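First up is the structure itself, then whatever we jot down about it.
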Amino acid sequence: MTAGDATVSTVEAPHDAGADGEEALAGLRRQAQHLIAELAGPVRRIRLRSGPAVLEVEWHPEELTRTDVPAGVVEAAAGPPAAPVRPAVPGRAAVRAPIVGTFYRASEPGAKPFVAVGDLVRPGQPVAIVEAMKLMNEVTADRAGRVVAILVEDGHPVEYDQPLVELDPA
Amino acid sequence: MFETVLIANRGEIALRVLRACKELGVRTAVVYSAADADSAAVRLADQAVRIGPASSRRSYLNAAAIVEAARQVGAQAVHPGYGFLSEDADFAEICVDNGLTFIGPPPSVMAALADKSSARALMSRAGLPLSPGSVAPVPTAAAAAEVAAAVGYPVIVKAAAGGGGRGMTVVRTPGELRRAYTRTRAAAQAAFGDDRVYVERYLTEARHVEVQVLCDSHGNGVHLGTRDCSVQRRHQKLVEEAPAPALSAAVLDTIAEAALRGALAVGFVGAGTLEFLVDAEEKFHFLEINCRIQVEHPVTEMVTGIDLVHEQLHIAAGVPLRWRQEEIRLHGVAVECRVNTEDPARDFTPTPGRLERFTPPGGPFTRVDTHASAGYLVGPWYDSLLAKVIVWAPDRELALNRLERALDEFDIAGPGVHTTIPFVRRVLDDAAFRKGRYTTGLVDRLLAAPEAASAQRPAATPAPRPASAAEPDTTLRRTR
């Protein structure tokens, strides 16, 4: 996650929570308590839902919790804007950003990146995430090919249509 | 003052805001769509963020992308310009929720005023005269007919959520009312997602007079006099001037003071405009209030010497008003005309294309606000406003001569490109206009005149107007 950003964790309640709404909610509450106990920072928002049961906890990472600056400002100050690792090679195929936002190579911090240089990708395969307004937008390959380069550093801002992952079409 | 402001618009107004920021030492960032990559604003801004494709729905109307861009550039404030998201209370709220200052009124005030019906009720409570009609939305065609019968025909059916000249139907006889009512509701539902409409008396021979106000966040306000915007075609303004001509000074003062009272009563903050219709007896009726900088703001700047965008920025930064009412003095007359890439001979159909030649006028007291230059491609995606020519002179006669002189100098040419300049010339030539004795009926009268008829080529199918661009251009009649 980017510095200062509120962090979101979503957990689906176990199926055995039962069809009974009360019981499902109780299950969600227990899960929330566990989660909150493990969090490294103050909770900002909790959302429980008992329909297709969902639990969402949003918190601020501890080291970045400041009371004097709004969260958005801290984040904005972090990292140079839209800095590519290296410029895209003109004319070479690349998977591009579908929206302006923050580029991530993996589905969550610490997870294995979607793709690495040398990987073969199929059309429709997820290759990255661009986060905009706390929504994770999966970026998928529009063609088959071998990954030649990752053009943006993890956690850096990207613009609409910016080349992200360069492909050598298969 | 802010360190960085994000400009969430395009075209001439993006450039206008950018210039104001630079003059105040504010770092500028602009958002742009894939169609505007080569724009003057992108070239001149300290930073530019590409937020989406040409389609405005996915770029200039995409609140999430704009807020992301603001975070990327480290902006503290967002200037929305006019059109697009400038009067969207939800967008203003999203900005505030993300720690950004929205340069405009508080979201709650915007929401209350964006609804024309609620704005009418609020202004009526503040003591402003309304045109006769319903204050609350009319729920049925029968109720609409009752209101219409009470106020007398012609009436105008207006969408509560409409704006920028969209969402209204004029009804001349009782027989047309039911159909117009149903149609306006359906069209309003489609265009604004809100089908509430109200009915008011339609004044055919009236002047459209508006008042510019500035209100700070500390409860202070001033007015900057009047503008006349009666030269309209289907509720789209073509020529504007300040101050409103041929009305008595006492009436102009009364309207301006009433407008300021209304703005302060509703907790307005920022630069705003209250629109009125003034009838032949100089009686005035509140129409609506606009919560944004307006296309025609330069005429007010020219007669007051006050930069309205500077003031917007100061107010948004929390600075108390820098002007007292007695310090605001009107000097001379300013006139603006809009140069749109439209063909007046073909029902003002937009004529996009590449500008092979583009040389704007110059000379004393002549201001041209434009984003265009030679080689510029006028795309089909946004509205057709290409340039505004604004002139100032000590008196109205000289100002009109100066505008004619400026338009003589304006050289615009490109394959298929037409502009509204020939039509504006006809307005400037019109005897009633010259005397300052004109009403909102002027354009229709000119269009019906023999010169227009003979000049008219066979009517081609009017091209669909591009989706909401700068000040929305599409009337419901067009979208049908």
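The values are calculated or read from the model by the stated rules, or taken from the named source; none is laboratory data. Remember, it's a predicted structure, so these values are computed and weren't measured experimentally. FYI the Cβ positions are ideal-geometry reconstructions off the backbone, even for glycines, and counts take in every protein chain you see. Ligands, DNA and RNA are excluded from the accessible area calculation, which covers all protein heavy atoms including side chains. Shrake-Rupley method; radii C 1.70, N 1.55, O 1.52, S 1.80 Å.
For the pair the stretch B:1-50 and the stretch B:280-316, the centres of their Cα atoms are 22 angstrom apart.
With each label modelled as a point 7 angstrom along the Cα→C-beta vector, the residue B:142-residue A:146 pair spans 7.8 nm.
Here the convex hull built on the C-alpha positions of the stretch B:1-68 has a volume of 73 cubic angstrom per residue. Per residue of chain B, the DSSP helices (runs of n ≥ 4 H) give a summed -39500 (n - 2.57) that works out to -10000 deg cm²/dmol at 222 nm. The relative contact order of the stretch B:36-95 comes to 24 percent, based on Cα pairs under 8 Å that sit 6 or more residues apart. Evaluating kT/(6 pi eta Rh) at 20 °C and 1.002 mPa s, with the Kirkwood radius of the stretch B:155-235 over Cα pairs in the Stokes-Einstein relation, gives 146 µm² s⁻¹.
Residues of the stretch A:89-105 whose accessible area (probe 1.4 Å, heavy atoms of protein chains only) drops by at least 50 Å² once all protein chains are present, relative to their chain alone: A:100. Amide H contacts for residue A:152 (H built 1.01 Å from N in the peptide plane; partners 5 or more residues away or on another chain; cut-off under 5 Å): A:85.
Taking 24 Å as the limit for the C-alpha separation, the pairs A:112/A:134; B:116/B:435; B:116/B:388; B:158/B:388; B:283/B:388; A:134/B:116 exceed it in the case of B:116/B:435; B:116/B:388; B:158/B:388; B:283/B:388; A:134/B:116.
For residue B:195, the amide hydrogen comes within under 5 Å of no other amide hydrogen, counting only partners 5 or more places away or on other chains and with H modelled in the peptide plane. Just need the relative contact order of chain B here, percent rounded to a whole number, with Cα pairs under 8 Å and 6+ apart. So the answer I get is 15 percent. Distance from the C-alpha centroid of the stretch B:354-394 to that of the stretch A:87-159: 41 Å, rounded to the whole angstrom. The Kirkwood hydrodynamic radius of the stretch B:185-314, based on inverse pair distances between different Cα atoms, is 15.6 Å.
Scan around residue A:128 for amide H atoms under 5 Å from its own, H built in the peptide plane at 1.01 Å from N, and keep only partners 5 or more places away or cross-chain. Hits under the 5 Å cutoff: A:139. Rg/Rh for the stretch B:39-161 (Cα atoms only, Rh after Kirkwood) is 1.13.
Counts of other chain beta carbons within 10 angstrom of each beta carbon in peptide B:49-61 average 3. Once the Cβ-Cβ distance of residue B:218 and residue B:150 is raised to the sixth power relative to R0 = 45 Å, the FRET efficiency obtained is 0.60. Placing a label point 7 Å from the Cα of residue B:264 along the Cα-to-Cβ direction, no residue of the stretch B:287-302 has its backbone N under 12 Å from that point.
Normalised by the number of residues in the stretch B:1-86, the mean separation of alpha-carbon contacts (under 8 Å, six or more apart) gives a relative contact order of 36 percent.
For a label point 7 Å from the Cα of residue B:404 along Cα→C-beta, name the residues of the stretch B:329-343 whose backbone N is under 20 Å from it. Correct set: B:333-339.
The spread of Cα positions in chain B, taken along each principal axis and listed from longest to shortest, comes to 58, 50, 45 Å.
Buried surface between chains B and A: roughly 1600 Å² of accessible area, summed over both sides, computed with a 1.4 Å probe on protein heavy atoms only.
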